[in-house]
Each structure stands twice: as C-alpha cells, then as structure tokens.
Amino acid sequence: MSTSSKPSNVDLADKKAELEQYYIQLLEKRIAALEALTSSSTEAVPDEPSSSTTDPPNNRLRRAPTVVDGTEATTSLEQNEDNKNEEDQKASEEAIRKAERKKRVRAVVSTYDRLKGVRTDSPMSDSLTADKSKNLAFTFRRILPISERGVGRSEVDIESQDLRRLLSQVIGEYTGQSWEGKIVSISSPFAPLIHFWDELQAASKPKVSDDESSRQAREDLEILLEYVGTTSELEKYFKTRESNLKEELTTYEELWTLFIPGKTIFAKPFLGMPQLFVVHSPPFIWDNTKPAPSAINLYCWCYDWNGRTPVKVWYFIKFDHFRGTKPINELVAYPSKFYKSETSSDEIKTEEELISHLVTRGLKFDHTVRGPKGATQQHQYDGEALADRRTVFNKVSGEDDTINPDPERRRQREDNFRPVKVKCPYIVDHEAFLTYGRFSWSMI
C-alpha cells in the first residue's frame, strides 16, 4: 500500500512568497501606466488653444483651462477689472457730454410775485448754469400756479434756428403751431411733440452725413425730449405709453394723443356707413385736477357735395366718458391705421381694403352727381333711400317749415329722416332740386 507525501511547510512558504512578488509586480506596472497617462493628459491641455472640431462634444465640454500658480485666475480678474474701468470711463464721458449739452439749456421756475404783480424766472436748483458764450438751444420753464389750488404747467421757448428747422422737417404743418420767428413756444401737454414722439426720437440720433449744425440740432432735440418726458403733466402718460400702444388701448384722459391734426380717422356717423375724416384739432382735457367732463369733442372735416361743387364740411364727433382703458378700434372714431374688421363676415378687413373701398365708392358718387346734363342724369335705383315721414303731417296741419330759420327746428326735421326701400328710376339734378324742391337745405 502506497502512501502520498504532504508538502512541507518550507514549500508552502516559498509558494506564498512567489505569489506576493507576482502581484507586487502587476501593481507596479499598473501604477506606472496610470502615471504615464496622467502625465500625458496634463501636458496636452496647455498646448491646445481650443478643442478639436473632431472631438466628441462631451470631451470638449469637460475640458477646462489648467490653473498654474493662479495665473489663469489672475488674468481673468485683470480682464474683469479692465472691462469695469472701460465701462466707468464711457459712463463718465457720457455724463460729461450731457452736462456740456445742457449748458445750452436755460431751465427756470416761473413764480408769481404778489407784491409786484408780475412773474419772475429763477434758475432751477438742480440745473446747470447756461454757458453765455454759446447760443441757447431753448429755455425750459416750469410755471407755478398763483394759488395753492391752481394747476402748474410747463413750456419751452425754442431759440435755436437749427432746432426749429429740424422740428419743422419732422412735424411739418400743425394746427395752432408755427415754426417761424426767432422764438417758438410750445406749452404743456406739448401736443406737437407727443404726436410725433417716435419720429422725433429717431431724428435725434446722429447720422454720418450730418454737418456741425445738424449734429448740434440733433443733440439739442435729444435734450429737449428728455425735459419734456420728465414733466409732471405727462408722467402718467409715459408710464403706460408703450404697453397701451402695444395692446392698442387708450384711456379717456389720453384720447387726444391718438388724434394727430392732418391725419385720417375712421368713423361711421351716418347710417353706419364707413367714412374717413381729417383731424383738425384733438379732444383735449385741459385741467387734470378737476373731474373729467362727461363728453369731449373731436373737430374734423371731410369733403361733401353741396349741389354745385365739392366743399369742406366740418364735424364734431363726440366721445362719451368711460373708465379705465378701452380698445382703440371700439371708439366712435379712431385713426385709420388701427382699423380692423368688426366681424369675420365683414368684406373690409384691413386699412388698405378700407381705403380701396372708399375710393371706389367716392369715384362712383362723383360720376353720379357730376355727370353731364341730359339723359345721363337718369339712373335706376334699387336700395334704401331717406324719406321725411313728417311730410304728410306737415301738409295736413298746414305747417310749412321750408323757410323756418330756427336751426334747432331744422336739426329735428333732419333727424326725422329714416331709410325706406326704393326701387325706381331717379334723376340727379341738384340745381333743379335747390330751385324747385320742397325743402331748403344748407350744409352744416
């Protein structure tokens, strides 16, 4: 019977030592490989000015500048400091430039001297002293009320000829405002400036082609708009101006800002028929310390036919008081640029379509009333016409208001006209009607 020999303790110790040595060598090789990899990555980053366009996006995002002895951080701080200094310098230069420009402005407060019975001007406490060696651009005057219950106002006296010329070029002819003379005065609420505010803001920006006088006029205009924009009378208006215009809203107190003299407005004062009018003067509310009136009037005009020739006819369009804001195209009259169709079924949907429709209608009317005499004056009509339903009553009662001079009586008579359905031939002869017709008519 054979017996197997067991390994001795010496053999086991030798095997253990060999395994330990083997694992130590493997660890040393792994550590050496990792150190080599780390060393190569550290040296590669400073040599690369930017990530390769072929690198994966994630690799490029993970790369970061290596900070060596705080050099990168120091450079970043220096750049931030330089940028801050540059911004401060620009702000300082702009402040100096504005201060120099304001030396062309005389800002004063006008107070009433009860002993002398006259008003006197004194410099505003926060204003710069105007440079007497230079010609003034304008005088801004804050006029304080005589009594504590009174209302103050502001005005500007424009003395610079170049500034007056620039305002005239941008605004043009304006009802009640002249650009001629040595001094042009504009009082609050500065309607000519408010009505052309965006255009004046654009005109105040310098242009490459400007000569010295044009450049100075634009700088003066910029300062003028700054003064006007900070007046207490217009503080509320400017606070909501941008948002209201964006949403096409208005308030009762600020209706006047919409209606620019010489611009067209849309309204339907006669039987709901669309018409365009030209603004003559906007509906102002002068005293904002008192309750707003129950209604205000817009003064406008359009051309009409008096039986012999087209004439300018004047209209008052009344706006009843309303609270808060109101969509502009829901007013009884509003600038034509805000026109929108009231319903989806309306044939006229835009301002361009509205103007085209009215021009076509006007040409048809002109052809009808100004056609040559004779057979061409007879037309066939199928539609609504106006009839005075009180004519029968007048005949029965013997009342004849043909020569009644009372304008109220005539207004009541004209208001009594109602549309009726008519289908028949008719003759257009205004001269015959004015000569032999029952009623005597006069344009309003």
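One table, with the values for the structure above:
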{"quantity": "28 Å Cα-Cα threshold exceeded, pairs from Lys239/Lys337; Lys263/Lys349; Lys268/Lys326; Lys103/Lys246; Lys102/Lys207", "calculated": "Lys103/Lys246"}
{"quantity": "Val422, Val208, ranked by accessible area, largest first (probe 1.4 Å)", "calculated": "Val208, Val422"}
{"quantity": "Heavy atoms of Phe140: accessible area, 1.4 Å probe, square angstrom to 10", "calculated": "10"}
{"quantity": "The stretch 290-340: C-alpha gyration tensor shape, a/c 1.5 cut-off, then a/b vs b/c", "calculated": "oblate"}
{"quantity": "Calculated Rg and Dmax of the stretch 168-302 using C-alpha coordinates, Å", "calculated": "17.0, 57"}
{"quantity": "Where Tyr237, Tyr112, Tyr315 fall by accessible area, highest first, once all protein chains stay in place (1.4 Å)", "calculated": "Tyr112, Tyr315, Tyr237"}
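The values are calculated or read from the model by the stated rules, or taken from the named source; none is laboratory data. Just so it is clear, the model here is predicted, and its values are computed rather than measured. All accessible areas refer to the heavy atoms of the entire protein, side chains included, with ligands and DNA or RNA removed. Shrake-Rupley method; radii C 1.70, N 1.55, O 1.52, S 1.80 Å.
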